[in-house]
Amino acid sequence: MISVLIADDEQPAIDELAFLLGQDPRIGVIHVANSGSEAIRLLTRETVDAAFLDIHMPGLTGFDLARALQRFDRAPALVFVTADEEGALEAFDLAAVDYLLKPVRTERLQRSVGRVVEALGAPAPTPSTAPQPELIAVTLGGTTRMIRRDDVRYVQAQGDYARLHTEEASFLVRVPMADLERQWADAGFVRIHRSYLVALGHVTRVRLGGDHASVSVGGAELPVSRRLLPGLRERLDSTTLRGRS
């Protein structure tokens with residue numbers, strides 16, 4: 001697994017890129033910085049394998065930061081992430097591994113990580129006898145941290161974003177609910193309402209009769225819409241729950 005730095009002066013861009021990178025099993029630790037100078041300070045304490053840099057940052061630009069990083073004893077692989085197509089030539093003059101245009105697409109980012117892995121000469125990850133937990137990059141109090149997907153009990157839609165609820169806290173991620181529904185279906189998450197996606201493994205009680213179907217997850221009782229009730233019944237038939245009613 002490789003460690004990376006994300007440097008961007010826009011927090012939403014950091015959150016989105018950190019989330020997408022956190023879905024890639026090749027990515028380990030994710031460090032974030034809101035400016036070029038903050039990135040320099042961070043890298044005097046930490047070593048990273050790759051740096052994903054926005055170009056247009058105040059003060060030290062992404063290009064300035066890239067030149068500074070090239071003087072490090074162990075220079076990270078460089079990937080520029082920007083909305084500006086015109087900087088590509090200068091980026092590759094700086095020996096960048098890749099040049100990503102915002103908004104970043106998942107498939108394109110995966111190819112970029114593959115190029116980083118190749119540039120580092122790192123071996124491809126081999127399957128483990130035990131599945132590794134999926135890690136998700138979330139922001140809390142201005143700090144990006146990683147949580148395990150299997151700790152997420154349910155997801156609540158909040159406009160164009162989604163709120164992940166764990167036993168200890170909740171975290172807002174800038175990813176549409178529909179994307180999580182599609183990406184997490186194989187991990188036991190099922191849509192029960194336009195506002196809720198639930199992890200079946202965390203369901204402790206099910207009420208499917210009457211006018212108001214619901215499921216309980218921890219201390220929360222979540223509604224099940226009539227439209228999505230048949231799909232929930234089908235998933236429950238093949239899932240062992242910790243408790244039923």
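The values are calculated or read from the model by the stated rules, or taken from the named source; none is laboratory data. Only a predicted model underlies this, so the values are computations on that prediction, with no experimental measurement involved. With ideal geometry, Cβ positions are generated from the backbone for all residues, glycine too; neighbour counts draw on all protein chains shown. Side chains included, ligands, DNA and RNA excluded: accessible areas come from the protein's heavy atoms. Shrake-Rupley method; radii C 1.70, N 1.55, O 1.52, S 1.80 Å.
Things worth noting here:
- Residue within segment 154-175 that is free of Cβ contacts under 8 Å to residues at least 40 places away in the same chain, open to solvent by 40 Å² or more (accessible area, probe 1.4 Å) and assigned to a helix (DSSP H, G or I) present: no
- Flag if Leu100 is hydrophobic (A, V, I, L, M, F, W, C), open to solvent by less than 20 Å² (accessible area, probe 1.4 Å) and within 21 Å of Arg149 (Cα to Cα): no
- When Ile40 is tested against (1) surrounded by fewer than 16 Cβ atoms within 10 Å (Cβ to Cβ); (2) over 26 Å from Phe171 (Cβ atoms), just one condition goes unmet, and that condition is (1).
- Residue list for segment 75-97, restricted to those being open to solvent by 60 Å² or more (accessible area, probe 1.4 Å) and either under 18 Å from Asp24 (Cα atoms) or not charged (D, E, K, R) (or both): Ala83, Leu89, Phe92, Ala95
- Of all the criteria given as (1) closer than 16 Å to Glu16 by Cα; (2) open to solvent by 50 Å² or more (accessible area, probe 1.4 Å); (3) at pLDDT 90 or above; (4) not polar (S, T, N, Q), the one not satisfied by Arg145 is (3).
- Qualifying residue in segment 54-73 (condition: crowded, with 17+ Cβ neighbours inside 10 Å, more than 15 Å from Ala91 (Cα to Cα) and of a type outside the set (A, V, I, L, M, F, W, C)): no
- The residues listed here are Ala33, Ala77; of these, the one that is modelled with pLDDT of 90 or more, within 26 Å of Phe171 (Cα to Cα) and within 22 Å of the chain's Cα centre (by Cα) is Ala33.
- Options Ala68, Ala39; residue that is in contact with a strand residue (DSSP E or B) (Cβ under 6 Å, 6 or more places away or on another chain) and in a helix (DSSP H, G or I): Ala39
- Any hit, segment 91-99, residues being in contact with a strand residue (DSSP E or B) (Cβ under 6 Å, 6 or more places away or on another chain) and part of a loop (DSSP other than H, G, I, E, B): yes
- Flag if Asp15 is assigned to a loop (DSSP other than H, G, I, E, B) and touching a residue at least 40 places away in the same chain (Cβ under 8 Å): no
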